[in-house]
1. Just a yes or no: is a residue in the stretch 349-358 in a loop (DSSP other than H, G, I, E, B), closer than 23 Å to LEU259 by Cβ and in contact with a strand residue (DSSP E or B) (Cβ under 9 Å, 6 or more places away or on another chain)?
2. Tally time: how many residues in the stretch 186-223 are of a type in the set (A, V, I, L, M, F, W, C) and farther than 30 Å from ASP138 by Cα?
3. Would you be able to say whether some residue in the stretch 179-202 is of a type in the set (Ser, Thr, Tyr), under 22 Å from ASN299 (Cβ atoms) and out of contact with any Lys or Arg (no Cβ under 8 Å at 6 or more places or on another chain)?
4. Within the stretch 147-198, can you find the residues that are open to solvent by 40 Å² or more (accessible area, probe 1.4 Å) and part of a helix (DSSP H, G or I)?
5. Would you check which residues across the stretch 422-457 are buried (at least 22 other Cβ atoms within 10 Å of the Cβ) and among the hydroxyl-bearing types (Ser, Thr, Tyr) and list them?
6. Conditions: (1) within 16 Å of LEU325 (Cβ to Cβ); (2) outside any strand (DSSP E or B). ILE122 meets all but one. Number of the miss?
7. What number goes with the only condition from (1) surrounded by 24 or more Cβ atoms within 10 Å (Cβ to Cβ); (2) in contact with a strand residue (DSSP E or B) (Cβ under 9 Å, 6 or more places away or on another chain); (3) not in a helix (DSSP H, G or I); (4) not aliphatic (A, V, I, L, M) that SER306 does not pass?
Amino acid sequence: MLIVTASNDSYFGKAILFVALSIVAFLVFKQILPERLFTEKVEANENILMDSMALMAQSDTVAIKDVDIEADSMHTQVSGQGVDTIDTSLNPALAADGYQNLSRFYSKLHQLEQSKTGKVRIAYFGDSMNDGDYIVQDVRSQFQGKYGGEGVGFVAVSSLSAGARGSISHQYSKNWFSQSFVKVKKPQRPFGVDGQVFFAKDPGQIYWVRYKAQSQPHSTQLNAPTLFYGRGNNNKAYVTVSVDKDSVITKNLNASSLLNTLSLSSHNAKSMQVNFHKADSIPIYGFNFDNGEGVHVDNFSIRGNSGLPLSILNPSLMNAFDRELNYDLIILHYGANVLGYGTLNYSWYEKNMTTVVNNLHACFPNADVLIISTADKSSKIEGAMQTDPAVVPLANAQKNYARKTGSGYISLYEIMGGRGSMVNWVNDKLANQDYTHFNGSGSKKVAKLIYGEIDKGYIKFKANK
C-alpha cells in the first residue's frame with residue numbers, strides 16, 4: 001500500500017517546477033549567449049571532407065604553429081616583398097591593381113614570350129575542385145599553347161584520383177605507405193612539395209608505379225622522367241625501370257642529400273614502370289615530367305584540404321625543391337572545404353591563411369602568390385537552392401589575406417556569375433548535383449575564366465611596364 005504524504009507532494013511539485021524553470025532559462029539564455037556555442041558544430045558530410053587543422057583553427061582550441069621558422073622571421077624572407085614593402089591599399093584583383101603583386105611572375109612570362117627560351121613554373125595547390133587534374137590540366141594547356149612547354153609536371157606516387165585523371169594514366173601497387181599533411185601533422189620524414197611522403201617499408205616486397213602518357217594537349221609524352229626522393233640511411237636501395245619496349249635497367253638510389261633526383265631515361269617515353277627494391281627508410285616524393293622549356297604547371301591538389309596544412313611545409317626541404325624546379329607562381333585555390341563550418345565569420349581563416357602565405361614565401365622566395373576564391377555554392381534555403389550565406393564572407397576573407405600578403409586575387413565567385421550562379425551551372429550541366437563541384441565541361445570553362453583573369457593582369461603589366 002502506497003501512502004503519499006503532504007511532504008512528498010511538496011517535493012515532487014518543487015522538482016517539476018525546477019525542471020520547468022530550467023527549460024525556460026535554457027531557451028532564454030540560448031538567445032542571448034554567443035551564437036557559436038550552439039550553431040557552429042563542425043561535421044563532414046558525404047560531399048565535403050575537412051582537414052584537422054581547419055577544425056582546430058576554427059574552434060580556437062589549438063594554435064597553428066609553423067615548423068622550422070618563426071612567424072616574426074617569415075616576413076623578412078620574402079625577397080623584396082617584406083611586410084614593410086607591401087602596399088595593402090591595393091585592390092589585389094588582377095584586373096584592377098593586383099597585377100602589380102604578380103610582377104615577378106609576369107616579368108618571367110614576358111621574358112619567355114620575347115625570347116622564346118627559358119622556363120616558367122607554376123605550383124597549383126587545391127582541393128577536390130582540382131581532383132583528377134580538373135581545371136589545372138586546362139590552365140596548363142592554355143599556358144603551354146601560347147608560351148610553349150610539354151609535360152604534366154610533378155606527379156605523386158599515389159593518388160585517390162589516379163584512376164580518374166585524364167592527363168596521365170597512373171597506376172601503383174597497393175602496398176605503399178603514405179602520409180599526407182591533411183591527415184598527419186608530424187610525418188616520419190618531411191612532406192614533399194605536394195604535401196605528401198611515401199615509403200616502401202617492407203624490404204622483402206616490391207613497390208611499383210606505372211605511368212602512361214595520354215592525349216591531353218602538350219602531355220602526349222612522359223618528358224624527361226625524373227624521380228624525386230629524400231635522405232635515408234640505406235645504401236642498398238635501387239630501382240628497376242622499364243621504359244616503353246626498352247630493356248629493363250637498374251639504377252641505384254643515393255639517398256645522401258635532403259632532396260635527391262634521379263633521371264630515369266635519356267629520352268621521352270610513352271609509358272614507364274618503376275619498381276622499388278629494398279628502399280625502406282627512404283622517403284619517396286614523386287616524379288617529374290617536363291621538357292625543360294616553356295610553362296609547366298604542377299597540380300598539388302588533395303581532397304579535403306582547407307589550405308591551412310601548407311603552414312607546416314618544411315622551408316628547408318621546399319627550398320631544395322625550389323632549386324630543382326624553380327617556381328615563379330604559387331596558386332592557392334581553396335574554399336569548398338571551408339564553407340561547411342556553420343559560421344559567417346572567417347576572421348580565423350583569414351588570420352591563419354596569412355600565416356600560410358608567409359610560410360610559402362619562405363619556402364619559394366622567388367615566387368609570387370595568387371589567391372583564387374571559393375566558387376559559388378548553393379544550399380537549400382526556404383525550399384529553394386540559393387547561394388550559401390557563407391560564400392561571400394569567405395570570398396571577402398580570401399581577398400583580405402591576399403591584400404595583407406601582397407598576393408594577387410581572382411574572385412571565382414564573381415567571374416562565374418556571382419549570386420545564384422551555381423544553380424545556373426548545374427542547370428546548364430556544367431556542375432554536379434552537389435551544387436559545389438564542377439564536372440569536366442564546367443572545369444574547362446572555369447580554367448578559361450581563370451586563365452583569362454591572369455591574362456588580363458598580364459596585359460595591364462605590359463601596358464604599364
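1. So the first thing to find is which residues in the stretch 349-358 are in a loop (DSSP other than H, G, I, E, B), and the list is none.
No, there is no match, as no residue in the stretch 349-358 is in a loop (DSSP other than H, G, I, E, B), closer than 23 Å to LEU259 by Cβ and in contact with a strand residue (DSSP E or B) (Cβ under 9 Å, 6 or more places away or on another chain).
2. Of the residues in the stretch 186-223, 3 are of a type in the set (A, V, I, L, M, F, W, C) and farther than 30 Å from ASP138 by Cα.
3. Step one: of the stretch 179-202, the residues of a type in the set (Ser, Thr, Tyr) are 180.
Subset that is under 22 Å from ASN299 (Cβ atoms): 180.
Those still in the list that are out of contact with any Lys or Arg (no Cβ under 8 Å at 6 or more places or on another chain) too: 180.
The answer is yes, given that some residue of the stretch 179-202 is of a type in the set (Ser, Thr, Tyr), under 22 Å from ASN299 (Cβ atoms) and out of contact with any Lys or Arg (no Cβ under 8 Å at 6 or more places or on another chain).
4. Across the stretch 147-198, the qualifying residues are GLY163, ALA164.
5. THR436, SER443
6. The one condition ILE122 does not meet is (2).
7. Failing condition for SER306: (2).
Every residue, every condition in (1) among the charged types (D, E, K, R); (2) part of a loop (DSSP other than H, G, I, E, B); (3) open to solvent by less than 10 Å² (accessible area, probe 1.4 Å), yes or no:
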| position | (1), (2), (3) |
| --- | --- |
| SER311 | no, no, yes |
| ASN319 | no, no, no |
| ARG323 | yes, no, no |
| GLY342 | no, yes, no |
| ASN345 | no, yes, no |
| LEU360 | no, no, yes |
| PRO393 | no, no, no |
| GLN398 | no, no, yes |
| ARG403 | yes, no, no |
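The values are calculated or read from the model by the stated rules, or taken from the named source; none is laboratory data. Keep in mind it's a predicted model, so treat the numbers as computed, not measured. A quick note on method: Cβ atoms are made from the backbone with ideal geometry, for glycine too, and the neighbour counts reach across all protein chains shown. What goes into the accessible areas is simple: the full protein's heavy atoms, side chains included, and nothing from ligands, DNA or RNA. Shrake-Rupley method; radii C 1.70, N 1.55, O 1.52, S 1.80 Å.
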